[in-house]
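What follows is a set of notes on a single structure, which appears directly below.
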Amino acid sequence: MFGDLLRIVGDYVLILALILLFMLPFYLVYYLRRNRDGEVKLNLSRHLENFFLSRQANYLIFFWAMGEALIWFVIPEFLLLLMVFMRIRRKRELLVYDLGGTMAGTIVAFFIHASPATIAGLPYVQPAMVEQTMAWYDKLGVWGLIYQPFSGVPYKVFTLTATAAGLSLVTFVVIAVLVRMSRYLVAFGLFVALYPGLHRLVSRNYVKLFLVAVFIFSLLLLRVSNIFGPGYQVH
């Protein structure tokens, strides 16, 4: 029990640190330009909202989604969740950058001929995830992608095994985007529906809720990793 608790805490700290490091370059560019332009000082909530209104936030979303198709392990919905509850009018524009990054990452991953062992060595990827993804492709071809949104298997496993499965690049990208769009629209629609009732609460507790969200996401990563651990039966 104590060992499991240490693992949870350790993963939480690691994931939190990596998320902040991923965001840091984009934020620093925004912060330096903000100071150069003489922006007045704001409270933390308004400051974060202004950052997510910036061009740098667009780039962050793009490269976040692109990275998730390659090596990054945090889903784009996590970042969108932070933004939807802010006073950002151009929320739908964020989805465009998200999908653009997904397409770019998918195309790059298609030309990376990684071995199953290399893929399984990526953060929070288990060998059984690679085996199961290949089994889905063997059974359904490119439509094996329909398992991605709800299986817990990271998107990068699907992209990095696509070439080995003999899938067509154009067909794969089209189906992948359609599958991702369906997941995004469901999540985005849910977040927007909750916005009126939760915005005020969220806007007063951004940092606290961010830490809670990272903790929940850490638990989900560990749970999926355990499900596909030793003893998992590929079907």
Quick one: what pairs do we get from the range 139-160, first residue closer than 12 Å to Phe172 by Cα, second among the polar types (S, T, N, Q) and in a helix (DSSP H, G or I), C-beta under 8 Å, 6+ apart or different chains?
-> Val142/Thr171; Gly144/Thr133; Phe158/Thr133; Phe158/Gln148; Thr159/Thr106
When residues of the range 119-157 are filtered for being at pLDDT below 95, over 16 Å from the mean Cα position of the chain (by Cα) and among the hydroxyl-bearing types (Ser, Thr, Tyr), how many remain?
-> 1
So, of the residues in the range 187-216 that are modelled with pLDDT of 75 or more, surrounded by fewer than 17 Cβ atoms within 10 Å (Cβ to Cβ) and of a type in the set (A, V, I, L, M), which turns out to be nearest to Leu122 (Cα to Cα)?
-> Ile216
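The values are calculated or read from the model by the stated rules, or taken from the named source; none is laboratory data. None of these values were measured; they are calculated from a predicted model. A quick note on method: Cβ atoms are made from the backbone with ideal geometry, for glycine too, and the neighbour counts reach across all protein chains shown.
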